[in-house]
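This report concerns only the one structure given below.
The values are calculated or read from the model by the stated rules, or taken from the named source; none is laboratory data. Only a predicted model underlies this, so the values are computations on that prediction, with no experimental measurement involved. As a convention, Cβ positions derive from the backbone with ideal geometry for all residues, glycine included, and neighbour counts pool all protein chains shown.
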Ligand code: SF4
């Protein structure tokens, strides 16, 4: 019984860790739409939105309540072709 509890706890922790790898802003972030429209390479999503999102410039700004333009990439670069 104790073993079963430990296994279940590990499974839940694993699931929680995996889920937390996605940025909490992903569903509403303009970069998701750009990617779905084929305007943005998957690498940006993999590297930041579903990876190291805490290093995303957009993420950091939003967390501080600082507005940012829709066409700003996770590295802070502004892309004029993104609309
Ligand atoms: S671009 Fe940045 S803020 Fe937007 S979903 Fe990706 S990691 Fe989050």
Which residues, taken from the stretch 26-60, are touching a residue at least 40 places away in the same chain (Cβ under 8 Å) and either exposed (fewer than 11 other Cβ atoms within 10 Å of the Cβ) or not in a helix (DSSP H, G or I) (or both)? 39, 40
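Picking from 36, 63, 9, 77, which residue would you name as being modelled with pLDDT under 95 and either more than 11 Å from the ligand (Cβ to nearest atom) or over 10 Å from the mean Cα position of the chain (by Cα) (or both)?
On inspection, the qualifying residue turns out to be 9.
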